[in-house]
Amino acid sequence: EAGVAQSPRYKIIEKRQSVAFWCNPISGHATLYWYQQILGQGPKLLIQFQNNGVVDDSQLPKDRFSAERLKGVDSTLKIQPAKLEDSAVYLCASSLNPAGAGSIQYFGAGTRLSVL
Amino acid sequence: DQQVKQNSPSLSVQEGRISILNCDYTNSMFDYFLWYKKYPAEGPTFLISISSIKDKNEDGRFTVFLNKSAKHLSLHIVPSQPGDSAVYFCAASDNAGNMLTFGGGTRLMVKP
């Protein structure tokens, strides 16, 4: 079974530029998550989708970050414009069940973003 | 405000000995607890979990203990193997699986 696919693996941009990340979840997984992991910290949830609807985006900086999940499958996360503090690894995860205790999330390898 | 804390950023253990990783939480709404393991350049992978109705869950060499009154959980690995060297994240959610919150991680090094 193929895992969660993310691209690109690495991205270097200058501040104020824009960037987009792509995620393809495990086939059949209804729930998709985007996390931001700053060096030395644990992943922080940015947004959670259930099919193509947003369940939780309370920690998404909406003035610069946006995300969509077209047709309830692939998802893109965009940052525009980027700031230095956005340098982090952006992780995508998916789970089979809608949010429920015991619902295991499967993570992609992440995109490492460096903002110069 | 860190709702899930792993106070030890790193731990070094000899192969064959026990590794004990600790985690504390503050939010009483948390009802389900998970441990994830992360190797460099890979995403976290699920390791073991425990519901608040239990105080212990075991899976092979891995055991998670939960002390709800102290808001503390621990992961025991016995015996530790060099392949266990990784960063371990504790995570907690409410009983609907929402509010999944991760700790800062503990880097475990198992020496041969």
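Being among the acidic types (Asp, Glu) and at pLDDT 95 or above, is that true of even one residue in segment A:79-98? Within segment A:79-98, one or more residues are among the acidic types (Asp, Glu) and at pLDDT 95 or above. A search for C-beta distances below 8 Å between a residue of segment A:102-116 that is farther than 22 Å from B:Leu100 by Cα and any residue that is assigned to a loop (DSSP other than H, G, I, E, B) and hydroxyl-bearing (Ser, Thr, Tyr), counting only pairs 6+ apart in sequence or on different chains, returns A:Leu113/A:Ser87; A:Ser114/A:Ser87; A:Val115/A:Ser87.
For segment A:1-23, filtering for residues that are among the hydrophobic types (A, V, I, L, M, F, W, C), open to solvent by 20 Å² or more (accessible area, probe 1.4 Å) and not in a loop (DSSP other than H, G, I, E, B) leaves 4. The condition of being away from chain B (no Cβ under 11 Å), at negative phi and either of a type in the set (Gly, Ala, Ser) or open to solvent by less than 50 Å² (accessible area, probe 1.4 Å) (or both) holds for A:Gly53.
Within segment B:11-29, does at least one residue satisfy the condition of being touching a Pro at 6+ places or on another chain (Cβ under 6 Å), outside any loop (DSSP other than H, G, I, E, B) and under 26 Å from A:Cys92 (Cβ atoms)? Taking every residue of segment B:11-29 in turn, none turns out to be touching a Pro at 6+ places or on another chain (Cβ under 6 Å), outside any loop (DSSP other than H, G, I, E, B) and under 26 Å from A:Cys92 (Cβ atoms). Please find, within segment B:34-56, the residue that is farthest from B:Ala91 (Cα to Cα) out of those that are more than 8 Å from chain A (Cβ to nearest Cβ) and in contact with a Lys or Arg (Cβ under 7 Å, 6 or more places away or on another chain). Selected residue: B:Ser52. Of the residues in segment A:61-68, at least one is away from chain B (no Cβ under 14 Å), open to solvent by 50 Å² or more (accessible area, probe 1.4 Å), without any contact (Cβ under 8 Å) to a residue 40 or more places away in the chain and touching a strand residue (DSSP E or B) at 6+ places or on another chain (Cβ under 8 Å). As a summary of the residue check, A:Ile26 satisfies the conditions (1) away from chain B (no Cβ under 13 Å); (2) assigned to a loop (DSSP other than H, G, I, E, B); (3) touching a Ser or Thr at 6+ places or on another chain (Cβ under 6 Å) except for the one numbered (1).
Would you say A:Trp34 is open to solvent by 80 Å² or more (accessible area, probe 1.4 Å), in contact (Cβ under 8 Å) with a residue 40 or more places away in the chain, of a type outside the set (A, V, I, L, M) and assigned to a strand (DSSP E or B)? Criteria not met by A:Trp34. Checked against (1) in a loop (DSSP other than H, G, I, E, B); (2) at pLDDT below 95; (3) more than 11 Å from chain B (Cβ to nearest Cβ), A:Ala101 passes all but condition (3). Residue selection: B:Pro44 fails the criterion of being of a type outside the set (D, E, K, R), in contact (Cβ under 8 Å) with a residue 60 or more places away in the chain and touching a Pro at 6+ places or on another chain (Cβ under 9 Å). A single entry from B:Pro112, B:Pro79, B:Pro9 fulfils the requirement of being open to solvent by 40 Å² or more (accessible area, probe 1.4 Å), within 14 Å of another protein chain (Cβ to nearest Cβ) and more than 27 Å from A:Val4 (Cα to Cα): B:Pro9.
The values are calculated or read from the model by the stated rules, or taken from the named source; none is laboratory data. Since the model is a prediction, treat every value here as computed from it, not as a measurement. So basically every Cβ, Gly included, is an ideal-geometry build from the backbone, and we count neighbours across all protein chains shown. The area values use the complete protein model at the heavy-atom level, side chains included, leaving out ligands, DNA and RNA. Shrake-Rupley method; radii C 1.70, N 1.55, O 1.52, S 1.80 Å.
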